[in-house]
């Protein structure tokens, strides 16, 4: 072995004295003739220092007892703080779960709870029904049981306030005869909603007999 790269791989073993025999002789001969390995000196010094590492000395019995007693006295105080932290963390986690559960339950109840009923009416002859539900700012009108209007015609929703008829919108029901509309809450208890059949573009005044009336309550 005379290649420097191969010699580099065996330098540590040579410096620590774990390499012997012909291989060690070849390495020493190479190092004596080749100036490219200055790190051998540092390795040799480190190996020499390891040889002078002192042997461990057992502690005196009284010193050992004092150290153990001091350590035992400090253990409860040192462990109390992590335990309190763990209890606080557990309490915070439980509170978070409870709060989250209540929020989810409240949201579910709010979504499932229908808006207050303001009025309902059913025409038994035609099978048409109208339901009015309202919140603080808006009102939803749900209609069911409508037949498709004649060609070129549409249903029209009216707000009746005393003798005044206010046109709201025209509409066509879905294939199941249903329709739903949301409008601002701009009327008063006692007002009525009415449905008529008008031209597709709507009318400023009813031109057909009302299909159904529903009175708006509180």
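Observations
- Among residues that are more than 24 Å from residue 137 (Cβ to Cβ) and without any contact (Cβ under 8 Å) to a residue 12 or more places away in the chain, residue 196 is not included.
Residue-wise test of (1) in the same structural domain as residue 123 (by TED's automatic domain parsing); (2) loosely packed, with under 15 Cβ neighbours inside 10 Å; (3) under 14 Å from residue 166 (Cβ atoms).
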site	(1), (2), (3)
179	yes, no, no
184	yes, yes, yes
189	yes, yes, no
192	yes, no, yes
195	yes, no, yes
199	yes, yes, no
203	yes, no, yes
209	yes, yes, no
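- Residue within the stretch 143-160 that is assigned to a strand (DSSP E or B), within 46 Å of the chain's Cα centre (by Cα) and over 20 Å from residue 202 (Cβ atoms) present: yes
- Given (1) surrounded by fewer than 13 Cβ atoms within 10 Å (Cβ to Cβ); (2) part of a strand (DSSP E or B), index of the condition residue 136 fails: (2)
- Of note, residue 167 does not satisfy the criterion of being assigned to a loop (DSSP other than H, G, I, E, B), touching a strand residue (DSSP E or B) at 6+ places or on another chain (Cβ under 7 Å) and assigned by TED's automatic domain parsing to the domain that holds residue 192.
The values are calculated or read from the model by the stated rules, or taken from the named source; none is laboratory data. In this text the structure is predicted, and so the values were computed from the model without any measurement. Glycine gets a Cβ as well: all are built from the backbone with ideal geometry, and neighbour counts include every protein chain shown.
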